[in-house]
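This report concerns only the one structure given below.
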Amino acid sequence: MPQPSLNFQQAAWKRLKKNRGAVFGLITICIFVLIAIFAYWIAPDGSPYANRIILEVGGEKPGHAQGFIKLKKDKDVKYPGVLNQLIAGREDPYYYVPVNSYLVKEDSIITDKFIDEGVSEKISYAKTQLADKPYTKNHFFLGTDHYGRDILSRLILGTRVSLSVGLITVLISLSIGLILGSMAGYFRGRTDNIIMWLINVIWSIPTLLLVFAITLALGKGFWQVFIAVGLTMWVNVARLVRGQVMALRELEYVEAAKAMGFSHARIIVRHIWPNIMGPVMVIAASNFASAIVIEAGLSFLGVGVQPPQPSWGLMIKENYNFIITNNPMLALAPGFAIMLLVLAFNLLGNGLRDALNVRGRV
């Protein structure tokens, strides 16, 4: 009995699964997405922005372990709820005091407080000041920065910034690029000339310089980076869409739709856009990777995400001087994370190009 023929989407997915690089990229992206969603539950430091500052353990190497005594805060810290904790973390209800050792007395605990390597101080705390389980030992698998914050926790939370910037950038660039590119390619004439003039003007400005200008106009911050990067990356999409629409508008099914009296908007959205989604998906994956690199560059230069919010580029900026000293992992870890995520999107984009047969289509 003959096997039923596969439709275009099924055939494309079958070709994509055969591409090992694309599958690796897709799996890697899915892992990063899960890490970003459950970041505050996965991170060893679940406080907001993973900003638990313990100056005494600043600049420690990967694998460092330190014992702490947990002191109650003066105020009551309420449990924020599962959803709020998932989104914004949970404020620490305790202060963490690094200790080398401790001794339990009747109504107090005598600690050998760690101050610096080879330096300590004897301090006594009443049991009423302490948590129910006062002693804990934390492992800093990637070390700590110069503020004593856990690098692994900030690396995990930085995933949210990179993926969010990429997602919002792609949505903005696709929205503007699809609309302007479709109008230029479909209507031609004066509309095409005006849009192409705008594209050429934006194209002539260096991307980083344009991002700087938009960022300075909107101000520094989390959402400003999204908008600034998104408004600079629609040009590639518009040029691609214009060429695709220009070719498809001459085909018979578009002429038939016009003869049936369909509106221009319906022809573009319902009949042309579904047939150009292959190339658009490929360039969207490329733009996603580019947005991650641009955001990291902006944060490194100080005009992107602002402290204490963790960003991979900001982490490199804060710790790059450790590369030539005793703890290069502080800057290398976020650099490796950027490299891996960008590589994953580039591999997926190449796989989509081959699976969707973009080069062989009109």
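Only helical runs count toward this figure. For the chain, summing -39,500 (n - 2.57) over DSSP H runs of n ≥ 4 and dividing by all residues gives -18000 deg cm²/dmol at 222 nm. Of the trypsin sites (Lys or Arg not before Pro) found in the range 91-131, the ones in coil according to DSSP and having at most 13 other Cβ atoms within 10 Å of their Cβ are Lys105.
Compared with the dominant principal axis of the Cα atoms in the chain, helix 234-248 is inclined by about 30°.
Suppose R0 equals 56 Å. What FRET efficiency, 1/(1 + (r/R0)^6) with r the Cβ-Cβ distance, do Phe212 and Met260 give to the nearest 0.05? E between Phe212 and Met260, to the nearest 0.05, is 0.70. Angle of helix 8-18 to the longest C-alpha principal axis of the chain, folded into 0 to 90 degrees and rounded to 10: 50°. Lysine pairs in the range 52-140 whose alpha-carbon atoms fall under 18 angstrom of each other, counting only those eight or more residues apart or on distinct chains, come to 23. Comparing Phe226, Phe262, Phe38 in a Gaussian network model of the chain (Cα springs below 10 Å), the most mobile by mean-square fluctuation is Phe262. Think of each Lys and Arg Cβ as +1 and each Asp and Glu Cβ as -1; about the Cα centre, that makes the dipole of the range 151-360 roughly 240 debye. Most mobile of Lys17, Lys133, Lys61 per a Gaussian network model of the chain (Cα springs, under 10 Å)? Highest fluctuation of the listed residues: Lys133. The dipole here belongs to the chain: it is taken about the Cα centre, uses +1 on the Cβ of Lys and Arg and -1 on the Cβ of Asp and Glu, and is about 1340 debye.
The mean of 1/r over all distinct Cα pairs in the range 52-140, once inverted, gives the Kirkwood hydrodynamic radius of 14.4 Å.
Extension gain for the segment Leu34 to Gln9, taken as residue separation times 0.36 nm less the Cα-Cα distance, is 6.5 nm to one decimal. Shape of the range 97-247 from its Cα gyration tensor (a ≥ b ≥ c, root eigenvalues): rounded if a/c is under 1.5, otherwise prolate when a/b > b/c, or oblate? Here the range 97-247 falls in the prolate category.
For the range 278-295, putting each phi into the Karplus relation 6.51 cos²θ - 1.76 cosθ + 1.60 with θ = phi - 60° gives couplings of x, x, 5, 5, 5, 6, 5, 5, 5, 5, 4, 5, 5, 5, 4, 5, 5, 4 Hz, in residue order, rounded to whole numbers and with x for Gly and Pro. Basic side chains Lys and Arg get +1 at the Cβ, acidic Asp and Glu get -1 at the Cβ, and with that the dipole of the range 52-140 about its Cα centre reaches some 300 debye. Using the Cα gyration tensor of the range 32-99, with a ≥ b ≥ c the square roots of its eigenvalues, what is the shape: rounded (a/c below 1.5), prolate (a/b larger than b/c) or oblate (neither)? Taking the square roots of the gyration eigenvalues as a ≥ b ≥ c, the range 32-99 is oblate.
Stretching Ser101 away from Ser204 to a fully extended chain increases their span by 30.8 nm, per 0.36 nm per residue minus the current alpha-carbon distance.
Dipole of the range 151-360 computed with +1 at Lys/Arg Cβ and -1 at Asp/Glu Cβ about the Cα centre; of Met277, Gly166, Met329, farthest Cα towards the positive end is Met277. The GluC sites (Glu not before Pro) of the range 221-326 meeting both criteria, a DSSP state outside H, G, I, E and B (loop) and at most 12 other C-beta atoms within 10 angstrom of the site's C-beta, are Glu250. Using a Gaussian network model of the chain in which every pair of alpha carbons under 10 angstrom is joined by a spring, one finds that among Ile87, Ile110, Ile168 the greatest mean-square fluctuation is at Ile110.
With contacts taken as Cα pairs under 8 Å at a separation of at least 6 residues, the chain carries a relative contact order of 22 percent. Taking a straight line from the alpha carbon of Lys220, these lysines sit under 27 Å away, with near neighbours fewer than eight places off in the same chain left out: Lys317. Helix 20-37 and the longest principal axis of the Cα set of the chain meet at an angle near 50°. Between Phe24 and Ala126, the distance separating the two model label sites (each 7 Å from Cα on the Cα→Cβ line) works out to 6.1 nm.
Since every read-out is calculated from the coordinates, none of them should be taken as a lab result. This one's a predicted model, so the numbers in the text were calculated from it and none came from an experiment. When we count neighbours, we look across all protein chains shown, and the Cβ atoms used for this are built from the backbone with ideal geometry, even at glycine.
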